[in-house]
Amino acid sequence: MTAIFMKHRFFLLILQIEVIYLIFLSISSGFPVDFSSGMCSLAAIADEISVDNVIIKKRPSHLIAETMKRVIPIAMMSAILLIPACKQNDSNANFPDDFNSRSDARKVAYMMENASADSVARFIIYAALGKIEGVSIDTLNNATLTAYEAYTDTALQTFSWEFDRVSEELPLPDKMKLRMLVGAEDPQGLGLTLGLEYMNQIRIKGMSAEEVMAELSQLKKACADNPDVYARFMIGFHTVLRYDKNSDMPREIYEKFLNYDQEAIDAYHSRNKAATAPAPADTAAADLPQPQEEAVTDSID
């Protein structure tokens, strides 16, 4: 029984460390962290504890619920002690008074001196998108170029990886805006490219049909002044849905979005057809008598 007790205590210790780590990660990154993913890995441990060839069976959910009562208070107290240290490394805290009046290059240089490479990548993206209060990046390409030219080796890899990761995980309206700011893609083809890529984003994020619906609504609202971008996005999205049908994605995704907002696509085609149609002839001008050319003859003296 002593061995069993020690084994159970060991599991509690692992669980406590896991919770502290997840809370710390959530605070330091500034984003909520899904605790369920960490708990699932521990469920396998909780399901079966073996001591000297004796298997003690217990439901994972029951054991986790039982032990979390002891773990959470301790983990929360530990996390509270870590909060001041996390705030010191926060990329949008404690800026100098004249920070926003500086050039983009000087802003990035300051961040590189006071934050890690991954924090600098997030700062550039969020500042360019206007998500950091009181701070802006006027030219995204200049800001990223400053970092790429200054970083080397591991720091350069970290910055590049984080910049790409955050860019790809942005909600659709923000991703579209960021790519417009980069200016690396043809504006006419941007919507189509995003639509072709969106299915993979749904797969990676494990998005539900409701989450997809919410993002498409946000994108349509963001494209109110440029409905052609939204229509081309839907063309790309529909194309992938047709070719990807009956794969590993939930059936609901295909059923709900295979012909979703077809009206926007039809309106887009109608606008293009009207724009490319030849101008009608001016019948009033055609009815007027046309001037006759005078015959020119050569006279011979």
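The values are calculated or read from the model by the stated rules, or taken from the named source; none is laboratory data. Since we're looking at a predicted model, the values are computed, not measured. Accessible surface is based on the protein model in full, side chains and every heavy atom, while ligands, DNA and RNA are left aside. Shrake-Rupley method; radii C 1.70, N 1.55, O 1.52, S 1.80 Å.
In this structure the range 154-282 gives 57 Å² per residue of accessible area when probed at 1.4 Å with all protein chains present. Counting pairs of Cα atoms in the range 181-275, how many percent are more than 21 Å apart? I get 30 percent for the Cα pairs in the range 181-275 exceeding 21 Å. Taking Thr139, Thr146, Thr154 and ordering them by how much accessible surface each has at a 1.4 Å probe, largest first, produces Thr154, Thr139, Thr146.
Beyond 26 Å between alpha-carbons counts as too far, so tell me which of Lys131/Lys245; Lys205/Lys245; Lys107/Lys220; Lys177/Lys273; Lys107/Lys205; Lys131/Lys256 fall in that bin. Correct reply: Lys131/Lys245; Lys107/Lys220; Lys177/Lys273; Lys107/Lys205; Lys131/Lys256. To the nearest 10, the accessible area of Glu252 is 80 Å² with a 1.4 Å probe.
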